[in-house]
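Single-structure report; data block below.
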Amino acid sequence: MAESTSLAPLEDRAVLADRVFDAVRRAILSLELEPGTPLVERELAQRFGVSKSPVRDALQRLAGEGLVSQSPHRGVTVIEIDEKLAVQIFQLREVLEEMAVRLATPVLTDADFADARALLERARGAIEQQELAQAAECNRAFHSLFCRCSQNQPLEEALSRLQDRVRIISVLSWRQRPSMLVEHAQHVEILQAALARDRRRAGRLMRDHIRTFRLGLKQFFVGASGSASSPH
């Protein structure tokens with residue numbers, strides 16, 4: 001049998017780090033790990049049956065994705081998104097996603113429209129079943145479809161870096177302010193405008209859709225603050 005190369009341990013560590021990264025990321029996005037939850041290397045290593053090195057690598061990647069924060073005093077914790085950051089993220093989305101829809105609408109294919117319809121159907125089913133994480137994933141895919149079809153790589157990359165935090169904000173907000181059906185109806189209207197190849201209307205509807213959610217965030221943060229301060 002051929003001897004292992006000197007690179008094999010590095011490859012193994014990378015594979016393990018990928019697995020830890022994927023598992024922790026899924027737990028964060030589904031809110032199985034709530035914002036502010038401490039992520040201790042030793043505990044995660046025991047949970048996944050690995051050494052601390054791939055866990056450390058995974059946590060560094062998660063920090064780069066904006067999903068965890070690192071502090072000398074608190075260690076590594078799941079990202080806590082305050083009102084200021086949430087508003088800034090959605091302000092940026094208003095500009096970028098309006099542009100994405102305007103660029104994508106003239107070039108969307110029949111297959112793209114079929115994919116969009118299927119996503120809206122799955123989202124509606126998830127909303128009716130109160131499966132918030134699944135509804136958020138369908139919404140993410142719907143928005144990402146326009147970004148991908150914009151054929152503008154820097155735009156797609158910029159929006160991609162926001163999407164995980166957008167999903168967390170959406171699910172947290174829906175717990176306090178269940179606006180999913182309103183947003184689903186807005187998605188339908190955006191798709192109808194795109195089907196008509198009216199890129200200006202489709203872009204404006206996307207901007208208004210994101211702005212409406214942003215303006216509702218204040219209500220969410222006020223409610224969340226009240227819940228946190230109320231006696232148990």
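The values are calculated or read from the model by the stated rules, or taken from the named source; none is laboratory data. Here the structure is a predicted model, which is why all the values come from computation and not from measurement. With ideal geometry, Cβ positions are generated from the backbone for all residues, glycine too; neighbour counts draw on all protein chains shown.
Miscellaneous remarks
- Qualifying positions in region 183-214 - within 19 Å of the chain's Cα centre (by Cα) and aliphatic (A, V, I, L, M): Met206, Ile210
- Hits in region 136-148 (condition: modelled with pLDDT of 95 or more and among the aliphatic types (A, V, I, L, M)): Ala141, Leu145
- So Gln151, is it of a type in the set (S, T, N, Q) and modelled with pLDDT under 95: no
- Residue match in region 144-165 (condition: among the aromatic types (Phe, Trp, Tyr), assigned by TED's automatic domain parsing to the domain that holds Ile210 and under 17 Å from the mean Cα position of the chain (by Cα)): yes
- The residues listed here are Ala135, Ala104, Ala111, Ala100; of these, the one that is in a helix (DSSP H, G or I) and under 20 Å from Leu31 (Cβ atoms) is Ala135.
- Meets criteria (under 21 Å from Ser160 (Cβ atoms) and surrounded by 18 or more Cβ atoms within 10 Å (Cβ to Cβ)) for Glu97: yes
- Within region 60-85, the set of residues being charged (D, E, K, R), outside any helix (DSSP H, G or I) and closer than 28 Å to Leu145 by Cβ comprises just one member, Glu65.
- Among residues that are of a type in the set (D, E, K, R) and part of a loop (DSSP other than H, G, I, E, B), Glu32 is included.
- Yes/no for Phe146 being touching a residue at least 60 places away in the same chain (Cβ under 8 Å) and of a type in the set (Phe, Trp, Tyr): yes
- Flag if Gln88 is assigned to a helix (DSSP H, G or I), out of contact with any Lys or Arg (no Cβ under 8 Å at 6 or more places or on another chain) and free of Cβ contacts under 8 Å to residues at least 40 places away in the same chain: yes
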